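Note sheet for the following structure.
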Amino acid sequence: MRFLILSFLLLINMNDDTIHDSVKATFNVIKKGHVIMLEIDFNTHDFLKVNHSEGPTISKDVFADYLNNTTSWEIDGVDITPRVLSIKSNGHHTKIVCFLSKASKSDIQSINITNQFLMDVESHINVIKVDVNKTFRDFKMDKNRQELSITFSNKNP
């Protein structure tokens, strides 16, 4: 009997789109050849709730406005405004691909990020993953840490 009750409870939870294993967004900064890209993964429901959106979809304009109001990006001392290229939603997850910048031929020296993306969601964190200069690093940002300065040495590992 316990097995049946447990199975029933698990079945109910599997159909609830608002339940997810963590409250986070992931920002991947990637240097690909001659460009620097930004890929963002987050919970669609959290975004729609914070933006008081009624529709089930997110438009490029609405997302770009929110992203530019809640984050700032600087690479080697130059302010960058991400340009939204694509939005893909699958169930309760959304992935956004943005163009950040043309990459210089030399290695990136510094990246500065201010990030308050979805910080109105309880217990939310932003994970920043940086894959540049043959180096991979990741950082946790939350309500207590909303600014991040990353410097890279001239030596590649």
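The values are calculated or read from the model by the stated rules, or taken from the named source; none is laboratory data. Being a predicted model, the structure only gives us computed values, none of them experimental. Quick reminder, even Gly has a Cβ in these numbers, built from the backbone with ideal geometry, and neighbours come from all protein chains shown. Only protein heavy atoms, including side chains, enter the accessible area calculation; ligands, DNA and RNA are left aside. Shrake-Rupley method; radii C 1.70, N 1.55, O 1.52, S 1.80 Å.
For region 93-123, the residues whose backbone nitrogen is under 17 Å from a point 7 Å from the Cα of Val78, taken along Cα to Cβ, are 99-113. Of the trypsin sites (Lys or Arg not before Pro) found in region 82-123, the ones in coil according to DSSP and having at most 15 other Cβ atoms within 10 Å of their Cβ are Lys105.
Which value, in debye to the nearest 20, gives the size of the charge dipole of region 83-149 about its Cα centre, when Lys and Arg are +1 and Asp and Glu are -1 at the Cβ?
Around 340 debye, computed over region 83-149.
Report the Cα centroid-to-centroid distance between region 57-107 and region 115-130 in angstrom, as an integer. That distance is 15 Å.
In this structure, the amide hydrogen of Ala25, modeled 1.01 Å from its nitrogen in the peptide plane, lies closer than 5 angstrom to those of Ile125, Asn126, Val127, counting only residues at least 5 positions away or on a different chain.
Per residue, what volume in Å³ does the Cα convex hull of region 79-157 take up? Mind dumping the intermediate values first?
Working: hull volume 10.1 nm³, N = 79.
Cα convex hull per residue, to the nearest whole number: 127 Å³.
In order along region 117-130, the Karplus-derived 3J(HN,Hα) couplings, from 6.51 cos²θ - 1.76 cosθ + 1.60 at θ = phi - 60°, round to 4, 6, 5, 7, 7, 4, 6, 6, 10, 10, 9, 9, 10, 10 Hz, and Gly and Pro are given as x. Here's how it looks for Ile80: its modeled amide H is under 5 Å from those of Trp73, Glu74, Ile75, which are all 5 or more places away or on a different chain.
Accessible surface of Glu122, taken over heavy atoms with a 1.4 Å probe and every protein chain present, rounds to 150 Å². Near Asn133, the amide H atoms lying under 5 Å from its own belong to Ile108; only residues 5 or more places off or on other chains count, and H is placed 1.01 Å from N. Annotation: average projected area of region 70-115 is 4.1 square nanometres, based on the convex hull of Cα atoms across all directions.
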